[in-house]
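Here is the structure we will look at, set down as structure tokens.
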Amino acid sequence: MKKLNELTILCAIEACTIIFSPYNAEPDVWPSHLGVQRVIARFRKMPEFEQNKKMTNQESFTRQRLNKEEGHLRKLHKENLYKEMTIVMYQCFIGEMMITHLSMLDLNDLGSLLNQKTREIERRLQYLRKKRISFKP
């Protein structure tokens, strides 16, 4: 309840809480019974659209969180694949690995990485050429 009090002060908002417990017959309320009734009455006077605008339940919260974590997982998977293929590329360059030992999926990933590295090198070369031209006396 202390944190909610701090939140209402810091954000200049009205809030209330009702906590039901299996150990108490009466719920714990904050700031008071009258304060809770005032906040709920104000909430109910709002249009339904406004009431539901930022409302969430456990299921929707969990779904949002799961989607966020799945996106993060996809990003990590992509980063790991990039690092893994970079290692494979360098192993092939120095002769520690033969591309004939790679699966078709790995060959496709390696080809994509090589294309990306080639584009990066071409961009860098263009930048250096432009820089060299601009510094000619």
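So, by mean Cβ neighbours within 10 angstrom, what's the order for 79-91, 55-67 with the highest one leading? All intermediate terms of the calculation are to be shown ahead of the outcome.
Working: 79-91: 13.6, 55-67: 9.7.
Highest-to-lowest ranking by the protection proxy: 79-91, 55-67.
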- Tell me what the chain gives for mean residue ellipticity at 222 nm when only DSSP H runs of n ≥ 4 count, each as -39,500 (n - 2.57), the sum divided by the residue total, rounded to 500 deg cm²/dmol. -23500 deg cm²/dmol
- In whole Å, how far is the Cα centre of the stretch 1-40 from that of the stretch 70-137? 56
- Item | For the chain, with +1 on Lys and Arg beta carbons and -1 on Asp and Glu, the positive-most of I18, T118, M98 along the dipole | T118
- Message: Within the stretch 40-137, count lysine pairs with alpha carbon atoms under 17 angstrom apart where the residues are 8 or more positions apart or belong to different chains.
- Response: 6
- Message: Give me the base-10 log of I(q)/I(0) for the stretch 51-119 at each q in 0.25 Å⁻¹, Debye formula, one uniform scatterer per Cα, rounded to two decimals.
- Response: -1.09
- Please express the shape of the chain as an equivalent ellipsoid: the semi-axes are the square roots of 5 times the eigenvalues of the C-alpha gyration tensor, given largest first in whole angstrom. 60, 25, 14
- Message: If I model a spin label at T56 and L7 as a point 7 Å from the Cα along the Cα→Cβ vector, what separation in nanometres do I get?
- Response: 1.2
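All of the numbers you see were taken from the coordinates with simple rules; none came from a lab. Since the model is a prediction, treat every value here as computed from it, not as a measurement. Positions of Cβ are backbone-derived with ideal geometry, glycine not excepted, and every protein chain shown enters the neighbour counts.
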